[in-house]
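Have a look at the structure below before the remarks.
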Amino acid sequence: MPTQNKSKLLIVDDLQENLLALSEIIKQDDRTIYQASSGEEALFLLLEHEFALAILDVNMPEMDGFELAELMRSTEKTRHVPIVFVSAAGKEQNYAFKGYETGAVDFLHKPLDICAVRSKVNVFVSLYQQRNQVKHQVEALEKSRQELHATQAELQRSLRMRDEFMSMVAHELRTPLNTLFLETQMRKMQLEKGKLDAFSEPQLQRMVARDERQIKSMVRLIDDMVDVSRIRSGKLSIRPSETELSALLQRVVSDLSHQANSAGCEVTLHADVKANGIWDEFRVEQVIVNLLTNAFRYGGSKPVTVTLTRNDNVAEITVRDQGNGITLADQHRIFEPFERANTKVGSGLGLGLYIARQLAEAHGGSLQVESAYGEGAAFTLSLPFRNGLIQQ
Ligand SMILES: Nc1ncnc2c1ncn2[C@@H]1O[C@H](COP(=O)(O)OP(=O)(O)O)[C@@H](O)[C@H]1O
Ligand SMILES: [Mg+2]
């Protein structure tokens, strides 16, 4: 039996030979026996260990068995340890031990009857073991109750998140849809009234551009949701092919110039090096677009820089803005799905960075943020040149 499962018994007697004799009588595999030759020594052991039973010699110099028992009863840790007094036959029988009613107390008389001693001790030990078993069962029950409680809370949280998510998606789709709907209503009215000058070529061009923006924003939203569900089911795959990052960055920055203008952000690109690797061009573009869109949205209309650097192993793209930045606490959170640091600024589902980091990792790379609140933010996408393949 492992030591920690054994029941501990304490025997206290001032005579060494009595301790030895008693210990011989009661020893068994399922017990550890501790011996003390004085009340004081016994108290030390009692405070250190949890005993199933203490067998006290009544007649000891200095502190006798009854005094020790009274001290035991007055301390919380030792109050419930059952006590068996060993006394000389005929003597001390009538001693009115104070704690008698409160705890299990019994007597043995000298000369000791081996069978009586054994059976008495066995009863106490098995009582102790049963009590311990019950205690463990109660603890296990309490633990399952707590687990159940936690699962319930988690379930409620998921349900709440699902509801919040649906209302967020509805809102995000509603906004561009409403704009489109209003536009069509207006055009219908104009057509009905025969106002054809509203459909001149420059007007039409502006209309188409506006419509396109609304439609694109809805498509992006739906694509994001599809990506998240792919990530969650482990089905997000990348299709790597030869990709050159400086050309890619030039294209993305120029494609987003309209958005940069509307946000009042001036974008500077530093990409003098060439970085040719095997990456999924569309996915890398998606990450950069996400980072730039965020820089426009949260960058407080201040300048934004995009920098490409490389060494032999890795190419790094950093998008840096001078907006409010992100607190350390939020820096972990914002890479989780549906997490947004400041819900007051702009709208969005809080999926962009989550997807972007997953895409970076799918390339064997990473996406990290460096920021302090009030000091702008710098997001760095690291892409390793795969398989040691380095192209210039
Ligand atoms: N450049 C940035 N500066 C400050 N905060 C940012 C920046 N980029 C992202 N964040 C914060 O991280 C959150 C999560 O970003 P993201 O996953 O792209 O979702 P969304 O843009 O839809 O809110 C944003 O809501 C914003 O609070
Ligand atoms: Mg975003």
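The values are calculated or read from the model by the stated rules, or taken from the named source; none is laboratory data. Worth saying up front: this structure is predicted, and the values here are computed from it rather than measured. We place every Cβ from the backbone using ideal geometry, glycine too, and count neighbours over all the protein chains shown. Surface areas here come from the heavy atoms of the whole protein model, side chains and all, with no ligands, DNA or RNA. Shrake-Rupley method; radii C 1.70, N 1.55, O 1.52, S 1.80 Å.
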Estimated FRET transfer efficiency when R0 is 22 angstrom, pair Asn5-Lys143 (beta carbons, to 0.05): 0.70
Per the Kirkwood formula over distinct C-alpha pairs, the hydrodynamic radius of segment 231-284 in angstrom is 13.0 Å
For segment 6-112, what is the convex hull (Cα atoms) projected area averaged across all directions, in square nanometres? 6.2 nm²
Per the Kirkwood definition applied to all pairs of different Cα atoms, how many angstroms is the hydrodynamic radius of the chain? 28.5 Å
Which whole-Hz couplings ³J(HN,Hα) result when phi for each residue of segment 143-160 is put into the Karplus expression 6.51 cos²θ - 1.76 cosθ + 1.60, θ = phi - 60°, listed in order with x for Gly and Pro? 5, 5, 4, 5, 4, 4, 4, 5, 4, 4, 5, 4, 4, 5, 4, 4, 4, 5
Taking Cα atoms, how many degrees apart are the long axis of helix 39-48 and the longest axis of the chain, rounded to 10 and kept between 0 and 90? 20 degrees
Quick one: plug the Kirkwood hydrodynamic radius of segment 137-287 (C-alpha pairs) into Stokes-Einstein at 20 °C, 1.002 mPa s, and report D in µm²/s. 103 µm²/s
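Among the listed pairs Lys120/Lys143; Lys216/Lys302; Lys110/Lys135; Lys235/Lys302, give every one whose C-alpha distance is greater than 30 Å.
Lys120/Lys143; Lys110/Lys135; Lys235/Lys302
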Roll a 1.4 Å probe over the protein chains and send me the accessible area per residue for segment 241-388 in Å². 46 Å²
Dipole-positive endmost among Thr293, Gly264, Asn313 within segment 254-323 (Cβ charges, Cα centre): Gly264
Estimated translational D of segment 153-232 in µm²/s (Stokes, Kirkwood radius over Cα pairs; 4 °C; 1.567 mPa s): 85 µm²/s
Computed helical MRE - 222 nm, the chain, DSSP H runs ≥ 4 contributing -39500 (n - 2.57), nearest 500: -17000 deg cm²/dmol
Please sort 199-208, 212-221 by packing, taking for each peptide the average over its residues of neighbouring beta carbons within 10 angstrom, highest first. 212-221, 199-208
Could you give me the radius of gyration and the Dmax of segment 4-43, taking only the C-alpha atoms into account and expressing both in angstrom? 10.3, 29
Given a 1.4 angstrom probe, what's the average accessible area per residue across segment 153-232, in square angstrom? 76 Å²
Report Rg (one decimal) and Dmax (nearest whole number) for segment 241-388, counting Cα atoms only, units Å. 14.5, 45
What percent does the relative contact order of the chain come to when contacts are Cα pairs within less than 8 Å and at least six residues apart? 10 percent
Extreme residue, positive dipole direction of the chain, given options Ile278, Ile33, Gln129 (C-beta unit charges): Ile278
Ignoring ligands, DNA and RNA, what percent of the accessible area of segment 241-388 is carbon or sulfur (1.4 Å)? 46 percent
